[in-house]
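What follows is a short report on a single structure.
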Amino acid sequence: MWRKLTFPLLVAAVAWLSAEWLWKQEAETPAVAPLAGIEAPDAFMEGVVMRVMDGQGRPRYEMRAARAVHFASGDRTDFDAPFLSFFRPDGKLWTLAAERGMARDGDRDILLSGEVLMRRPQDPARPMGAAEVEVFTRDLRILGEREYAETDQPTTIVHAYGRVEAVGMKAWFKQERLQLLSQVHGIYATTH
């Protein structure tokens, strides 16, 4: 009878000792601390398309990006190659393209960083076609709800009648208004 019980008892004892040894090893292994100062994203997307509507259900603006990474801390989203289209009531639009972008607090505060190209296309159905106006600048801050943008960087405006250079600009997309802030000079040529 002892022979029948010996083998199962031996297996149980070895299993128990192995488990005890593993628990002891795990307890002695130091826990891996999170990397200090490195923020982990809580979501990411590729091929992003986001459309924001007004109170009547008409599109206010649309943002497309190659990639978006969201961080819960500060409700921040980083974008690669963002492309925004601001729709005007008359059917025209303004487009903005940048190397990188960042949005805080949802879409209330958007920063386009690196080189920024702002355009008003002649044909809204072809946003990448010929433009009535092109604005070249850097580091443009957009307040999405107000449909307003500003920069303190050098800015160049190119249009059919010439070229204007300045430092700093404010833009109101809905009102179709640009304000140049300082060191403004340009070339204006009439067609007559």
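No value in this document is a laboratory result; all are computed from the given coordinates. Please read all numbers here as calculations on a predicted model, not as lab measurements. Note that we place each Cβ from the backbone using ideal geometry, even for glycine, and neighbour counts take in every protein chain shown.
See the values below:
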{"item": "Residue list for segment 96-115, filter: farther than 15 Å from L143 by Cα and buried (at least 18 other Cβ atoms within 10 Å of the Cβ)", "result": "A97, A98"}
{"item": "Matching option when the condition is out of contact with any Gly (no Cβ under 6 Å at 6 or more places or on another chain) and either loosely packed, with under 14 Cβ neighbours inside 10 Å or not in a strand (DSSP E or B) (or both), among M128, M169, M118", "result": "M128"}
{"item": "Meets criteria (in a loop (DSSP other than H, G, I, E, B) and either surrounded by 19 or more Cβ atoms within 10 Å (Cβ to Cβ) or among the polar types (S, T, N, Q) (or both)) for Q153", "result": "no"}
{"item": "Residues of segment 172-192 satisfying the condition of being surrounded by fewer than 14 Cβ atoms within 10 Å (Cβ to Cβ), farther than 21 Å from D139 by Cβ and more than 29 Å from the chain's Cα centre (by Cα)", "result": "H185, I187, Y188, A189, T190, T191, H192"}
{"item": "Verdict on A68 being farther than 19 Å from K170 by Cβ, under 15 Å from the mean Cα position of the chain (by Cα) and not in a loop (DSSP other than H, G, I, E, B)", "result": "yes"}
{"item": "Filtered residues of segment 172-187 (kept if among the charged types (D, E, K, R) and either in a strand (DSSP E or B) or without any contact (Cβ under 8 Å) to a residue 60 or more places away in the chain (or both))", "result": "R177"}
